[in-house]
Amino acid sequence: MQTILGSTGAIGTGLARALKTYPDKIRLVSRHPIRVNDTDELFTADLLDPKALEAAVHGSSIVYITVGFAYSYKEWAEKWVPFIENVIQSCTKENCKLVFFDNIYMYDSGFLNGMTEETPINPPSKKGAVRAKIAQMILNAIASQKIQALIARSADFYGPSISNNSLLTEMVFKPLSQGKKANWLISDHFVHSFTYTIDAAIATALLGNTETAYGQVWHLPTASSPYTGKQWIENIAKELDTSARIQLAPKFLVKIMGLFNPIMKESVEMLYQYDRDYVFDSSKFEKAFDFKPTPYDRGIKQIIETNYK
C-alpha cells in the first residue's frame, strides 16, 4: 500500500496518477478525498488528529506527504511541527518509508541563482524557518535510523488544472486569458525557474519506488535556462494569442494590498524571491534517472491546451 497524505492538491493528484504505474495499491487521504484512479482506496481523515493519522498510515509501505496547510505563518507554526512529529512516529511504528514533498523556502537568499541540494540552509523568512525545522526533523529521523525517508524539493510550480496555488496561473495565465494585464512581483527582469507539476509527480513516484534514493535530498526535475518574468508573460501571451501587457507590483504596493488581502500580507516576506535571479538546478536527479524535464515552451502549450481551449 502506498499512501498519499494530502491527496487533493495539484501534486497529490498528479502523484496518484503517477503511482498507478507501480504494482501497489494506492490510498488517498484527506478531509475530502477524491478518487483519481478507479482502484484508489479513499480514506477520510483529519491529518492533525494523531489517531486518525496513525490509522491512515497503517498498512502502508510508503507514505508521501503532499499536504498543503493554509498559506499563513501562524498556521504553519502551529501545524507543521506536530504533524511531522506524528508522521515520523506513525511511520516508525508501521516500519514504512516516508517521502516528503518540500519547497526551497529554507535556502539562503544569497544563493538562489543556481540552487542545488547543497545550497546553504539559512531561511530568510518566518515561513522558511518552519520549513527548515521540519526538514531537519526528517533528516534527524533518517540519521538516527528511525525511518527510511527522503526529501523531494520543488521550485515554484506550474502545470495544467491548477487553481489558487500557482503564481503563473493566478498572475499570468488567468488574467491574460481574460484579456487583462498579467501581474508580476517586484521586477520582471530576473529569471525565475518553475517546476512542471507532471514532471514533479512522476519524479516523486520514481524516487519513492527507488530503494537507493532514500536517505537523501533530491531536487525534482526542472527545465534549465528559465525565462525572465517579462519573457514568461510574453511567451504565455503569444500562445494565448493576446497582447503581453504587464502590471508590476512593487514592494510598497504589496504591503498596502496586504492590509486587505491575507495572502498578499503573507507574501511580503517572500518578495526576495522576485528581486533576484531564481534558478533551480535538478541535474542530480536528471543524471541519476536519465530524465529530461519538460521544456518551458511545451509546458506552456500543454497548460493552454488543457485549461484555455
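The values are calculated or read from the model by the stated rules, or taken from the named source; none is laboratory data. Predicted, not measured: the structure shown is a model, and the values here were computed from it. We place every Cβ from the backbone using ideal geometry, glycine too, and count neighbours over all the protein chains shown.
Can residue 127 be described as among the basic types (Lys, Arg), crowded, with 18+ Cβ neighbours inside 10 Å, outside the structural domain of residue 189 (by TED's automatic domain parsing) and touching a residue at least 40 places away in the same chain (Cβ under 8 Å)?
So residue 127 passes the test.
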Practice problem: Please specify each residue of region 130-153 satisfying the condition of being under 19 Å from the mean Cα position of the chain (by Cα) and crowded, with 20+ Cβ neighbours inside 10 Å. | Solution: 130, 131, 134, 135, 138, 149, 150, 151, 152, 153
Quiz item: Looking at 156, 188, which one is farther than 22 Å from residue 13 by Cα and charged (D, E, K, R)?
Solution: 188
Self-check item: Any chance residue 254 is touching a Gly at 6+ places or on another chain (Cβ under 6 Å), surrounded by 18 or more Cβ atoms within 10 Å (Cβ to Cβ) and either at pLDDT 95 or above or outside the structural domain of residue 98 (by TED's automatic domain parsing) (or both)
Solution: no
Quiz item: Out of region 283-307, which residues are under 13 Å from residue 224 (Cβ atoms) and among the β-branched types (Val, Ile, Thr)?
Solution: 294
Quiz item: Any residue in region 192-208 that is without any contact (Cβ under 8 Å) to a residue 24 or more places away in the chain and either more than 24 Å from residue 61 (Cβ to Cβ) or not hydroxyl-bearing (Ser, Thr, Tyr) (or both)?
Solution: no
Exercise. Of all residues in region 222-242, count the ones that are part of a helix (DSSP H, G or I), farther than 30 Å from residue 290 by Cβ and touching a residue at least 12 places away in the same chain (Cβ under 8 Å).
Key: 5
Practice problem: Hey, can you tell me all the residues within region 162-181 that are within 19 Å of residue 194 (Cα to Cα) and in a loop (DSSP other than H, G, I, E, B)? | Solution: 162, 163, 164, 165, 166
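Inside region 89-121, can you point out the residues that are part of a strand (DSSP E or B) and not basic (Lys, Arg)?
Just the residues of region 89-121 that are part of a strand (DSSP E or B), to begin with: 97-102, 107, 113-115, 121.
Selection gives 98, 99, 100, 101, 102, 107, 113, 114, 115, 121.
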Quiz item: Would you say residue 107 is touching a Pro at 6+ places or on another chain (Cβ under 8 Å), within 26 Å of residue 221 (Cβ to Cβ), assigned by TED's automatic domain parsing to the domain that holds residue 204 and modelled with pLDDT of 95 or more?
Solution: yes
Quiz prompt | Close pairs (7 angstrom Cβ cut-off, 6 or more residues apart or separate chains): part of a helix (DSSP H, G or I) in region 68-88, surrounded by 14 or more Cβ atoms within 10 Å (Cβ to Cβ) and among the aromatic types (Phe, Trp, Tyr) anywhere | solution = 75/69; 76/69; 79/69; 80/69
Exercise. Please work out if residue 294 is of a type in the set (S, T, N, Q), part of a loop (DSSP other than H, G, I, E, B), touching a strand residue (DSSP E or B) at 6+ places or on another chain (Cβ under 9 Å) and in contact (Cβ under 8 Å) with a residue 12 or more places away in the chain.
Key: yes
Quiz item: When you go through (1) in a loop (DSSP other than H, G, I, E, B); (2) buried (at least 17 other Cβ atoms within 10 Å of the Cβ); (3) at pLDDT below 95 one by one for residue 60, which number turns out not to apply?
Solution: (3)
